[in-house]
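Report on one structure; see the data block that follows.
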Amino acid sequence: MLMNVLLSLILFFPALAAVLLTLIPAKRTFLLKSAAFFLSLVPLALTVLLWSRFDNQLQGYQFVENTPWYPAIGSSYHLGVDGLSLPMVLLTTLLTPLSILASGSIRGNYKIFLMLFLFLETGLLGVFLTLDLLLFFVFWEIGLIPMYFIINQWGGENRNYASLKFILYTMAGSLGLLLAIQMMGVAAGTFDLIKLTENWPGQNPLPLFGLAPGVVKAVAFWAFVIAFAIKVPIWPFHTWLPDAHTEAPTPGSMILAGVLLKLGAYGFMRLVLPLFPVESHQFAGWLAILAAASIIFGALGAFGQNDFKRLVAYSSVNHMGFVVLGVAAAAWASGTPHANIAINGAVLQMFNHGLSAAGMFFLIGVLYERAHTRDLNQFGGLFAILPLYGGILLFTAMGSLGLPGTGGFISEFLVVRGAWSIFPGATVFSMIGLFFTGAYILKALKLVLHGPMNEAWAGKLTEIRPEEIAVIAPLMILMLVNGIWPAWLLEMINRVSSVLF
């Protein structure tokens with residue numbers, strides 16, 4: 001019985017946990033944090049159970065739940081999981097409790113913050129689990145609104161500007177996404193992703209504004225592409241990201257970089273490639289060019305920053321560019337071994353970047369809580385007084401860089417290996433960005449940890465605490481495991497990529 005509703009339990013338990021927090025007085029901050037943390041472990045435990053029962057040898061979706069929701073328009077409560085969505089579900093349910101554990105610096109309305117964070121988890125999980133396009137959009141929006149308030153209410157000095165820019169950019173993409181989904185539902189008579197994948201736009205679609213089926217499909221394709229390009233974000237749609245990251249509180253930055261950025265890439269893989277294979281192939285070359293631009297300009301933008309958090313924010317544009325390059329390769333050469341390698345690397349890169357980016361933003365938050373500055377030029381020589389913190393930062397930064405032995409190396413290598421035979425020009429130019437990736441990471445480490453020690457910090461900065469190590473340790477372990485034994489993820493990813501792409 002439990003297995004029949006397992007996905008629903010994973011999906012809605014965070015929202016239930018948020019409601020249960022209303023029973024705890026707002027002044028009991030320690031109790032609120034403890035309750036939110038332990039309640040957030042339940043979806044993680046259920047996801048581990050789901051992972052243990054998932055069969056890598058089966059094709060298609062597993063643990064499917066399908067109940068009529070709005071039969072008059074062809075919409076249903078349809079959930080399912082496969083090798084593409086399950087790693088993202090695991091990443092979400094892992095980063096949520098770690099982010100809650102890292103929320104000790106939140107001041108004011110802590111109860112509301114925790115409730116919003118748990119509602120945010122439900123929205124994120126819904127995007128990865130739903131197989132109905134109308135429900136997909138509902139959860140897409142549920143994941144947007146809580147993040148706006150998290151930035152706006154608990155962010156930095158420019159939080160109003162950053163939160164407004166965040167919601168205007170993403171809502172602009174969401175508007176086109178909603179219209180496209182409505183067009184597809186009316187034209188095909190269903191919002192079910194499986195039915196649409198098998199027969200879209202269909203032989204005899206319903207009339208829609210007198211438009212031919214090909215026109216409807218083209219409009220829907222571009223609406224999807226723009227919405228997901230903004231969310232990734234792909235250059236030049238990326239300008240909202242550094243501001244949102246810089247002003248968001250530490251837990252918000254962790255979940256924003258760790259999971260929210262993956263929604264756009266997931267949308268490309270789950271919806272654009274299967275539903276629009278012809279259009280995807282036609283414009284794959286342009287997508288590869290934009291991916292290379294994201295890798296290069298993201299790295300150059302990061303190298304030019306003196307704000308530690310803003311540097312890591314630009315690095316997300318750089319790292320997600322490799323995901324987009326893998327998507328472009330799969331769009332151009334679907335079904336070939338090289339495309340399969342590239343898309344495997346792209347999915348693995350989504351997971352690995354979620355770990356390293358969340359870890360880096362957390363460590364920046366740890367330092368900011370003590371020094372109250374993120375200006376790299378204000379530090380120097382901190383390894384001498386914070387050796388444990390310095391070692392952890394060094395390891396996490398090397399994981400973000402993609403040092404051999406960490407997960408980032410495996411995923412980026414697979415993308416480059418697969419894309420090389422498909423888009424050699426874009427892949428070569430991407431290596432420029434890879435070079436500057438090493439440059440900005442080494443720049444940050446040099447200015448923070450090495451060189452002459454800034455005597456102003458002597459005796460004022462305290463070492464990283466055990467409860468803070470408890471946040472970063474699981475991320476470090478997984479970064480190392482994915483670098484040494486990525487097969488635990490790749491076997492699952494490869495099974496679905498060889499079928500879908």
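Taking 13 Å as the straight-line reach from the Cα of Lys217, the aspartates and glutamates in range (excluding those fewer than 8 positions away in the same chain) are Glu279.
Among Asp243, Asp307, a tally of other beta-carbon atoms within 10 Å of each Cβ gives an order, fewest to most, of Asp307, Asp243.
Which of the pairs Lys27/Lys446; Lys262/Lys446; Lys111/Lys195; Lys165/Lys195 have their Cα atoms more than 32 Å apart in this structure? Over 32 Å Cα-Cα: Lys27/Lys446; Lys111/Lys195; Lys165/Lys195.
For the range 261-348, what relative contact order do you get, as a whole percent, if you take Cα pairs closer than 8 Å and at least 6 residues apart? Relative contact order here is 29 percent. What the Cα convex hull of the chain gives, in volume per residue, is 135 Å³.
If the chain linking Leu41 and Ala473 were pulled fully straight, counting 0.36 nm for each residue of separation and taking away their Cα-Cα distance, it would gain 153.9 nm. Annotation for Ser34 and Phe435: the two label points, set 7 Å from Cα along the Cα-Cβ direction, are 5.5 nm apart.
For the range 258-298, the equivalent ellipsoid built from the Cα gyration tensor has semi-axes of 19, 17, 4 Å, listed from largest to smallest. Between the C-alpha center of the range 354-420 and that of the range 21-99 there is a gap of 28 Å. Each helix, a run of at least 4 DSSP H residues, gives -39500 (n - 2.57); summed and divided by the residues of the chain, these come to -23000 deg cm²/dmol at 222 nm. Measuring max minus min along each principal axis, the C-alpha atoms of the range 281-324 give extents of 40, 14, 9 Å (largest first). Averaging the sequence gap over all C-alpha pairs within less than 8 Å and six or more residues apart, then dividing by the number of residues, gives the range 283-501 a relative contact order of 31 percent.
Based on alpha-carbon centroids, what's the gap between the range 435-501 and the range 121-153 in Å, whole number please? Using only Cα atoms, the two centres lie 27 Å from each other.
For the range 283-501, a simple Cβ point-charge model (Lys and Arg +1, Asp and Glu -1, everything else neutral) yields a dipole of about 200 debye relative to the Cα centre. A Förster distance of 25 Å, applied to the separation of the beta-carbon atoms of Phe12 and Gln153, puts the FRET efficiency at 0.55.
A convex hull fitted to the Cα coordinates of the range 283-501 yields 102 cubic angstrom per residue. Looking at Ala293, Thr437, Ala458, which one has the Cα that reaches farthest to the positive end of the dipole of the range 283-501 (charges on Cβ: Lys, Arg +1; Asp, Glu -1)? Result: Ala293, furthest along the dipole toward the positive end.
About its Cα centre, the dipole of the chain is roughly 600 debye, where the only charges are +1 on Lys and Arg Cβ and -1 on Asp and Glu Cβ.
Rounded, prolate or oblate, given the Cα gyration tensor of the range 399-501, with a/c below 1.5 counting as rounded? Since a/c reaches 1.5 but b/c is at least a/b, the shape of the range 399-501 is classed as oblate. Of the residues Ile73, Thr92, Val448, the one whose Cα sits farthest toward the positive end of the charge dipole of the chain, with +1 on the Cβ of Lys and Arg and -1 on the Cβ of Asp and Glu, is Val448.
Annotation: the range 181-340 has a Kirkwood hydrodynamic radius of 16.8 angstrom, from the mean reciprocal C-alpha pair distance. Here the spin labels are modelled as points 7 Å beyond Cα on the Cα-Cβ line, and at Gln378 and Ala72 they lie 5.9 nm apart.
The HN-Hα couplings worked out from phi for the range 436-448 by the Karplus form 6.51 cos²θ - 1.76 cosθ + 1.60 (θ = phi - 60°) are 6, 4, x, 5, 6, 5, 5, 4, 4, 5, 4, 6, 8 Hz, whole numbers, x standing for Gly and Pro. List the relative contact order of the chain as a percent without decimals, with contacts defined as Cα pairs under 8 Å and 6+ residues apart. Normalised by residue count, the contact order of the chain is 15 percent.
Note on Leu20 and Ala218: their simple-model spin labels are 5.3 nm apart, each label 7 Å out from Cα toward Cβ. Farthest towards the positive end of the charge dipole of the chain, among the residues Leu144, Gly60, Gly304, is the Cα of Gly304, using unit charges on the Cβ of Lys, Arg, Asp and Glu. Across every pair of non-identical alpha carbons in the range 32-112, the mean reciprocal distance, once inverted, gives a Kirkwood radius of 15.1 Å. For the range 80-172, the set of trypsin sites (Lys or Arg not before Pro) satisfying both a DSSP loop assignment and a count of at most 10 other C-beta atoms within 10 Å is given as Arg107.
Every read-out reported here was derived from the displayed coordinates using simple, explicitly stated rules and does not represent laboratory data. None of these values were measured; they are calculated from a predicted model. Ideal geometry is used to build each Cβ from the backbone, glycine not excepted, and the neighbour counts take in all protein chains shown.
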